[in-house]
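Participant: Got a structure for you, questions after.
The values are calculated or read from the model by the stated rules, or taken from the named source; none is laboratory data. Quantities reported herein were computed from a predicted structural model and do not represent experimental measurements. Heads up: the accessible areas ignore ligands, DNA and RNA and are worked out on the full protein's heavy atoms, side chains in. Shrake-Rupley method; radii C 1.70, N 1.55, O 1.52, S 1.80 Å.
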Amino acid sequence: MRRLSLLFLFLPCSIWGQNRIGTGAVETLYRQHCMSCHGENLRGGLGRSLLDADEWQVVGQGRDFIEYVQTGDEITGMPGFGSSLSVPEIRSLQIYIDEMRQRSVEAAGISPVVKEGEVYSAGGYQFRVEPVIEGLQLPWSIYFLSAREALITERSGQLRVWKDGELGAPIVGTPEVVTQGQGGLLEVAAHPDYSKNGWVYLAFSASARDADHPKNCMTQIVRGRIVEERWQDEELIFEVPAEFHRSSGVHFGTRFVFQDGYLYFSIGDRGAQDQAQDLTRPNGKIHRIHDDGRVPADNPFVEIADAYPSIWTYGNRNPQGLDAHPVTGAIFESEHGPRGGDEINRIRRGRNYGWPVITYGMNYNGKPITGKTALPGMEQPLHYWTPSIAVCGIDFYEGDQFPDWKNDLFVGGLASQELHRLVLAGDQVIRDEVILKGEGRVRDVATGPDGFLYVVLNGPDLVIRLVPVVNE
Ligand code: HEC
């Protein structure tokens, strides 16, 4: 028997892309109020180290961080900051401490991802990473029509077909897309009855065609058929009036779930965070329409005057992952948070997911957003990451190549270059482990019809698959 010498993956912080960690307004707050006792790098001085939260004596042992920092503790000599720091500021310091702890763990090379040569050991399997589709330009979404054939979008506007190992030229005649910022040609999926009706659905950022505001754009959905490498029979499925288009190039959301004749899809807040709470606006929401574009009469807000009728849920920041549980049909969402506070949510009819009134994150510049992480009437995430991994596409694994992973939720991280495996028990996430790290920014993930797990990477731009190593 060969003994495996397991190598830990050492990754410099810069490849996390989370360059903002430890910077900005919150760092200044730490330096002004906490550093004199807890040390320049949080490793302690007069006060204890703040990097080992699991060993704290008081906070987490019945006392809440915010309340503790507000009131302090006379006996141990921790001063109270209730009169000099606001609740949101104290909350941002808590996020900062989480960030710095994560960074110290990284620096120590303690990573759960184990790779020996080309073989990963994670999630109870040994597997290799195989490149499958090369020659792509920022691929965004993949959808398998069969084991031999997949559809792929490239953000700059091309829809491509991969068939029998060959990547075809871009399909001619697909919609014109606005490619500013995070926008472009984004989601692709086929109708569940594709073999009968041939419908392919696309979501993308479309121009408002408004001469006064030429940069304004918004998420739009069409369906069409691919006939002899041409896009044909196009039908408009969803668009919003020009007044709701925005010049911002961020937070388009756009992922699809088809279920029982309905199409669920996401639109991010488009950079206007407060509009996520505004039911008269389509941004910052999950929507539900019939698969032909009609608005269902039983949607939750159709009776409310001026409410945008296709809204299914609200308070969603930038949902870049959506998938239905293979057994229960429950819809799960990944939501790209601010600095800290990436979420996994279970999407339920009419619910408010809280953004930006509650969040586990703060602004990218280290300024607080709110001190609140929970409020009555607002949903809690099933799981969240602080610091953020920059969540993107998600997929429930449904293949046979990794039987122990069946029905587990796989979640891609862009900045973290990670693929996570979440094990669920009902609505509870009972395990979160990193399966892959450092291969590239993980944009999308999908179970292939061959049972392998396919991962869409950006930088390098390619599609890879995870293939188990079979021991003889
Ligand atoms: C005057 C010195 C001093 C300053 C300034 C100070 N602390 Fe402390 N802090 C302490 C002491 C002393 C303790 C008690 C624990 C120990 O070190 O033994 C403590 C403990 C803590 C704990 C751990 C509690 C536990 O459960 O063990 C946290 C968290 C904390 N401080 C956060 C902060 C934050 C955030 C700031 C800045 C807003 C801050 N402290 C500023 C002295 C200080």
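Participant: Can you give the accessible area per residue of the chain, in Å², using a 1.4 Å probe? Can you show the working numbers first?
Facilitator: Values: 20360 Å² over 472 residues.
That works out to 43 Å² for each residue.
Participant: Sticking with this structure for a sec: Residue by residue, what Karplus-based ³J(HN,Hα) values in Hz, rounded to whole numbers, does the range 288-296 have, using 6.51, -1.76 and 1.60 with θ = phi - 60° and x for Gly and Pro?
Facilitator: For the range 288-296, the Karplus-derived couplings read 9, 9, 5, 5, 9, x, 5, 8, x Hz, x marking Gly and Pro.
Participant: Let me ask something else. Give me the aspartates and glutamates in straight-line cross-link reach of Lys367: C-alpha distance below 18 Å, same-chain residues under 8 apart excluded.
Facilitator: Glu27, Glu89, Asp98, Glu99, Asp274, Asp342
Participant: With a 1.4 Å probe and all protein chains left in place, how much of the accessible area of the range 132-468 comes from carbon and sulfur atoms, in whole percent?
Facilitator: Numbers: 5400 of 12310 Å².
That fraction is 44 percent.
Participant: Would you grab the residues whose amide H sits under 5 Å from the one on Gln126? Only those 5+ places off in sequence or on another chain, please, with H modelled 1.01 Å from N.
Facilitator: The answer is Val469.
Participant: Return the calculated 222 nm mean residue ellipticity for the chain, to the nearest 500 deg cm²/dmol, obtained by summing -39500 (n - 2.57) across DSSP H runs with n ≥ 4 and dividing by the residue count. Display every interim value, and only then the final one.
Facilitator: Details: 5 runs with 45 residues, N = 472.
One gets -2500 deg cm²/dmol as the mean residue ellipticity at 222 nm.
Participant: Which value, in Å³ per residue, describes the convex hull spanned by the Cα atoms of the range 263-347?
Facilitator: 95
Participant: Round to a whole angstrom and tell me the spacing of the C-alpha centers of the range 420-472 and the range 22-95.
Facilitator: Between the Cα centres of the range 420-472 and the range 22-95 lies a distance of 37 Å.
Participant: Treating cross-link reach as a plain straight distance, find the lysines whose alpha-carbon is under 24 Å from the alpha-carbon of Lys215, omitting any fewer than eight places away in the same chain.
Facilitator: List returned: Lys285.
Participant: Here's a follow-up. In the range 13-107, what percent of the accessible surface is made up of carbon and sulfur (1.4 Å probe, ligands and nucleic acids excluded)? Before the final figure, lay out each step's value.
Facilitator: Values: 2530 of 5100 Å².
So the carbon and sulfur contribution to the accessible surface is 50 percent.
Participant: Right, here's the next one. Compute the angle between helix 87-107 and the longest alpha-carbon principal axis of the chain, please, reported from 0 to 90 degrees and rounded to the nearest 10.
Facilitator: 80
Participant: Per residue of the range 299-307, what does 6.51 cos²θ - 1.76 cosθ + 1.60 with θ = phi - 60° give for ³J(HN,Hα)? Whole Hz please, x for Gly and Pro, Karplus curve as stated.
Facilitator: 5, x, 10, 5, 7, 8, 4, 6, 5
Participant: Dividing the alpha-carbon Rg of the chain by 2.2 N^0.38 Å yields what? Intermediate results must be reported in sequence, preceding the final value.
Facilitator: Numbers: Rg = 23.1 Å, N = 472, 2.2 N^0.38 = 22.8 Å.
Taking the Cα Rg and dividing by 2.2 N^0.38 Å, one obtains 1.01.
Participant: Moving on. How much of the DSSP bridge set in the chain is antiparallel, in percent, rounded to the nearest 5? Write out the running numbers ahead of the final one.
Facilitator: Working: 102 of 105 bridges.
Once the DSSP bridges in the chain are tallied, antiparallel ones form about 95 percent.
Participant: Collect residues whose amide H, placed 1.01 Å from N in the peptide plane, falls under 5 Å from the amide H of Leu424; neighbours closer than 5 in sequence don't count.
Facilitator: Under 5 Å from the amide H of Leu424 lie the amide H atoms of Leu409, Ile430, each far enough along the sequence or on another chain.
Participant: Leaving out same-chain residues fewer than 8 places away, which lysines sit with a Cα under 23 Å from that of Lys437?
Facilitator: Within reach: Lys115, Lys406.
Participant: How long are the semi-axes of the equivalent ellipsoid of the range 13-107, defined as square roots of 5 times the Cα gyration tensor eigenvalues? Whole Å, largest first.
Facilitator: Details: eigenvalues 99, 45, 30 Å².
Equivalent-ellipsoid dimensions as semi-axes: 22, 15, 12 Å.
Participant: Using the 2.2 N^0.38 Å rule of thumb for compact globular proteins, work out how the range 219-309 stacks up: its C-alpha Rg over that value, please. Don't jump to the answer; show the numbers that get you there.
Facilitator: Values: Rg = 14.2 Å, N = 91, 2.2 N^0.38 = 12.2 Å.
Expressed relative to 2.2 N^0.38 Å, the Cα Rg reads 1.16.
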